[in-house]
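Asker: I'd like to ask some things about the structure below.
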Amino acid sequence: MFVTRCLRNMTSRTEIIRNLLTEKFKPTLLEVKCESDQHNVPKGSEMHFYVGVISDEFNGLSILQRHRQISKLVYEQVPGIHALRIHAKSPSEVSDLSDAPDAPKCLGGSRR
Amino acid sequence: MGPRFSRTIVGLLDENKVDYWTFDILEDAEVRQGLKEYSEWPTYPQLYLDGELLGGLDVIKEELKNPSFVEKLPKRQD
């Protein structure tokens, strides 16, 4: 983990994900939040993320297609991510991300 | 990812009286890896209909808001 962080110049995964999504989808609104503090993992782990994206790139795409594009990008470019919650809309559908679902409650336990 | 997301999706299916069967992908590494490649979908749970991936938990939660999606899911007969 130390070597990885050095290579990445101490950029957090949150920022990396944000940059990737901004470049690919040119969103009108973007939220990227690390949710690992809600899970039973060591402090500072950046393994669970929520991403909310509003972008014209999603026009005409099914929910599955939108999620597949986002998850493919993030999982391929950012190794070590354990879970990704996605909320993807087009500007014609919503004006903000207030209808995004909350994280499900963690019931503890990190058994894989 | 743990059983939490799977419990959630099963709960949603039960609420909508969907007729489904389950397979525990932790029991078979070949299936676990194979399905990820087949559907180009990296995580579990995964819900399939007629051999086609409908999505993971986030997608299904969103789709279930749409009555025409709910309609096309097979229902329990009880």
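Asker: Bin by bin, in steps of 10 Å, what percent of the Cα pairs in the stretch B:4-72 do you find, going until the bin that has the longest distance?
Answerer: Reading the bins upward from 0: 18, 56, 24, 2.
Asker: Applying a 10 Å radius around every beta-carbon, put B:57-63, A:70-76 in order of their mean neighbour count, most first.
Answerer: So the peptides B:57-63, A:70-76, ranked by packing, come out B:57-63, A:70-76.
Asker: Still on this model: Using a 1.4 angstrom probe on heavy atoms only, work out the carbon and sulfur share of the accessible area of the protein assembly as shown in %.
Answerer: 50 percent
Asker: So what is the 222 nm mean residue ellipticity for the protein assembly as shown from helices alone, if each DSSP H run of at least 4 adds -39500 (n - 2.57) and you divide by all residues, rounding to the nearest 500 deg cm²/dmol?
Answerer: -11000 deg cm²/dmol
Asker: Within 10 Å of each Cβ in A:58-67, how many Cβ atoms from other chains are there, averaged over the peptide?
Answerer: For this peptide, the per-residue mean of nearby foreign Cβ atoms is 4.
Asker: With θ taken as phi - 60° and the coefficients 6.51, -1.76 and 1.60, list the Karplus ³J(HN,Hα) couplings across the stretch A:86-95 in order, rounded to whole Hz; mark glycine and proline as x.
Answerer: With coefficients 6.51, -1.76 and 1.60, one gets 10, 9, 10, 10, 9, x, 6, 9, 9, 9 Hz.
Asker: In whole Hz, what ³J(HN,Hα) sequence does the stretch B:63-78 give by Karplus (6.51, -1.76, 1.60; θ = phi - 60°), x for Gly and Pro?
Answerer: Along the stretch B:63-78, the couplings run 5, 5, 6, 9, x, 6, 6, 4, 4, 7, 7, x, 10, 5, 9, 7 Hz.
Asker: Quick one: 3J(HN,Hα) in Hz for the stretch A:46-61, Karplus 6.51/-1.76/1.60 with θ = phi - 60°, rounded, Gly and Pro as x.
Answerer: Taking θ as phi minus 60°, the curve returns 10, 10, 10, 10, 10, 10, x, 10, 10, 8, 5, 4, 8, 4, x, 8 Hz for the stretch A:46-61.
Asker: Which translational diffusion coefficient, to the nearest whole µm²/s, is obtained for the protein assembly as shown from the Stokes-Einstein equation, given a Kirkwood hydrodynamic radius over C-alpha pairs, 37 °C and 0.692 mPa s?
Answerer: 184 µm²/s
Asker: Taking each residue of B:22-32 in turn, how many C-beta atoms of other protein chains fall within 10 Å of its C-beta, and what is the average?
Answerer: The shielding value for this peptide is 0.
Asker: Under 8 Å for C-alpha pairs, at least 6 residues apart: give me the relative contact order for chain B, rounded to a whole percent.
Answerer: Relative contact order comes out at 35 percent.
Asker: Amide H to amide H under 5 Å from B:Tyr48: which residues, 5+ apart in sequence or cross-chain, H placed 1.01 Å off N in plane?
Answerer: B:Leu54
Asker: Peptide B:35-47: average number of partner chain Cβ atoms within 10 Å per residue?
Answerer: Mean number of neighbouring Cβ atoms from other chains: 2.
Asker: From the mean inverse distance of alpha carbon pairs (Kirkwood) and the Cα radius of gyration, derive Rg over Rh for the stretch B:32-71.
Answerer: That ratio is 1.01, to two decimals.
The values are calculated or read from the model by the stated rules, or taken from the named source; none is laboratory data. Keep in mind it's a predicted model, so treat the numbers as computed, not measured. Neighbour counts run over all protein chains shown; Cβ positions are idealised from the backbone, glycine included. Calculation scope for accessible area: heavy atoms of the full protein, side chains included, ligands and nucleic acids excluded. Shrake-Rupley method; radii C 1.70, N 1.55, O 1.52, S 1.80 Å.
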